[in-house]
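The values are calculated or read from the model by the stated rules, or taken from the named source; none is laboratory data. Since the structure is predicted, the reported quantities are computational estimates derived from the model, not experimental observations. Quick reminder, even Gly has a Cβ in these numbers, built from the backbone with ideal geometry, and neighbours come from all protein chains shown. What goes into the accessible areas is simple: the full protein's heavy atoms, side chains included, and nothing from ligands, DNA or RNA. Shrake-Rupley method; radii C 1.70, N 1.55, O 1.52, S 1.80 Å.
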Amino acid sequence: MSYTVGVAQFTPTKADIEANLDRIAEFALAASGEGAELVVFPETITSGYFLEGGVLEAAMSPAELLDGLDSRLHRLDRPLDLLVGFYEKSGGNLYNSATYLQVGQFPRVIHTYRKFFLPTYGVFDEERFVSRGHELGVFDTRLGKMAILICEDVWHSVLSALCAVAGAQIILIPSASPARGFEESTIGNLDRYHRMLRAVSDEHGVYCVNSQLCGFEGGKGFVGGSSVIDPFGHTIAQAPILEDHLALCKVDLELIEIARSQLPLTSDLQSAWGDICKIVNKIER
């Protein structure tokens, strides 16, 4: 199976949910017009990232997010899948989440993932304002088996390994990563992202689809630079720095089988999983 994936990056209007849903819909319609079946948006794109005490006012349920987007996209004449980062409210708790939706025909919420690792160091203070998730985000879709990791999650290699063992073919990675580590013409954390994603794809034979937030919030700059990496670790789409942009590329799920046959590291990991679990249990004691 092959199809077109869109990676959208733009600067959200801080805490203005309606305006940001309008922009998401604009990008979704443009991508659909180019034949895309899936569009991936950044972390907290519905509100902006640095809300602190304003998270509660910006938070919504996955159903509310679906309703807001479906009301703008219901005229689509075919299904379109979206991955949207947002602040979620559920059961009296707040989460930094991403929801995989189908809009257009047969609108529905397919899966919601809550960020597992909440950075609370340097410029980050997430654990003061949101609760962390406790589940691995691997799920089936009409486009293959997906996984979601939100920003900091992909910096911990154990989660991408778990996603691969659980059968993920594509890892979707919405991010809001403020620029830091400037050296000449490079941006340190973005370079690190690209290295990590290439390593994850190459090791596990998966696609990595990373959408990065753009814009400035409180003097901190989100620079974009979204990318798509194929199962061989090659960059097949790259968005520019500091620009609203929609990048489109083809993914071919048959390449996953080819990549894994040439470098069967995921198969090795799966076959050794029972022993790995025994080691983990010993460490826990």
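The conditions of being open to solvent by less than 20 Å² (accessible area, probe 1.4 Å), within 26 Å of residue 169 (Cα to Cα) and in contact with a Pro (Cβ under 6 Å, 6 or more places away or on another chain) are met by residue 85.
Condition check ((1) assigned to a loop (DSSP other than H, G, I, E, B); (2) open to solvent by less than 30 Å² (accessible area, probe 1.4 Å); (3) on the phi > 0 side of the Ramachandran plot) across all residues:
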position	(1), (2), (3)
133	yes, yes, no
146	no, yes, no
171	no, yes, no
215	no, yes, yes
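Out of all the residues in the stretch 27-71, which are more than 19 Å from the chain's Cα centre (by Cα) and charged (D, E, K, R)? Result: 34, 52, 57, 64, 67, 70. Inspection of the stretch 38-56 finds no residue satisfying the criterion of being outside any strand (DSSP E or B), open to solvent by 10 Å² or more (accessible area, probe 1.4 Å) and at pLDDT 95 or above. When we screen 229, 236 for residues that are hydrophobic (A, V, I, L, M, F, W, C), modelled with pLDDT of 95 or more and over 16 Å from the mean Cα position of the chain (by Cα), the only hit is 236. Please find, within the stretch 14-36, the residue that is modelled with the highest pLDDT out of those that are outside any helix (DSSP H, G or I) and surrounded by 15 or more Cβ atoms within 10 Å (Cβ to Cβ). That would be 36. The single condition among (1) within 16 Å of residue 165 (Cβ to Cβ); (2) touching a residue at least 12 places away in the same chain (Cβ under 8 Å); (3) aliphatic (A, V, I, L, M); (4) open to solvent by 20 Å² or more (accessible area, probe 1.4 Å) that residue 256 does not satisfy is (4).
Screening residue 221 on (1) assigned to a helix (DSSP H, G or I); (2) surrounded by fewer than 19 Cβ atoms within 10 Å (Cβ to Cβ) shows it passes everything except condition (1).
Take the conditions (1) part of a strand (DSSP E or B); (2) open to solvent by less than 60 Å² (accessible area, probe 1.4 Å); (3) touching a helix residue (DSSP H, G or I) at 6+ places or on another chain (Cβ under 8 Å); residue 251 misses just one of them, which is (3).
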